Amino acid sequence: MVSASRGDQAPAPEPTILIVDDDATTRSLLRAVVQESAAHCRVYEAGDSDTALRIARSTPIDLVLLDIVLPNSALSGVMVCQELCRDQRTRVVIVSGSSSKTIMDACLSAGALECVKKPFSLDDMRPRVQGWLPALVVSA
């Protein structure tokens with residue numbers, strides 16, 4: 001019987017995070033939080049629904065931080081959330097300034113983990129991001 005030692009095991013793959021927001025400053029802030037919170041990760045950004053779905057269809061995504069108000073997008077944020085949540089690997093978290101309970105409830109019903117209201121505190125967001133990522137990749 002052959003058994004692999006811990007040193008022979010392949011390292012866990014880097015998680016992939018997709019940040020979807022029409023505001024470049026918000027994307028930049030969320031990217032900084034993600035990179036501070038995870039030891040190793042790949043971060044993609046999209047400013048509209050078309051780009052977000054194109055990335056998600058071509059790359060396995062572990063976590064999506066999704067603004068549901070995406071002007072100049074073909075699909076509503078709720079529809080994007082529904083599409084992303086079809087992949088059971090992908091965790092979706094809504095990060096939005098929308099105050100519509102109906103929209104937030106629709107996203108949660110579609111499979112979103114949580115809804116975070118903008119504006120958010122970076123200090124509050126860091127531990128949340130760590131909680132959404134697989135435990136093996138969280139920085140110490």
Label assignment, log10 I(q)/I(0) by the Debye sum over Cα atoms at q = 0.14 Å⁻¹ derived from the structure, set (1) -0.61; (2) -0.80; (3) -0.69
(1)
Restricting to the chain, compute how many DSSP beta bridges are antiparallel as a %, nearest 5.
5
Can you tell me which of Q88, Q130, Q35 moves the most in a GNM of the chain? Springs connect C-alpha atoms under 10 Å apart.
Q88
Please build a GNM for the chain, connecting alpha carbons under 10 Å apart, and tell me which residue among D67, D50, D22 fluctuates the most.
D50
Just need the relative contact order of the chain here, percent rounded to a whole number, with Cα pairs under 8 Å and 6+ apart.
26
Could you run the Karplus curve 6.51 cos²θ - 1.76 cosθ + 1.60 with θ = phi - 60° over the stretch 112-117 and give me ³J(HN,Hα) per residue in whole Hz, x for Gly and Pro?
4, 6, 6, 10, 10, 7
Summed over the other residues with a beta carbon less than 9 angstrom from that of T26, with K and R at +1 and D and E at -1, the charge totals -2
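Where a number appears in this text, it was derived from the coordinates with a stated rule and is not lab data. Because the structure is a prediction, the values reported are computed rather than measured. Quick reminder, even Gly has a Cβ in these numbers, built from the backbone with ideal geometry, and neighbours come from all protein chains shown.
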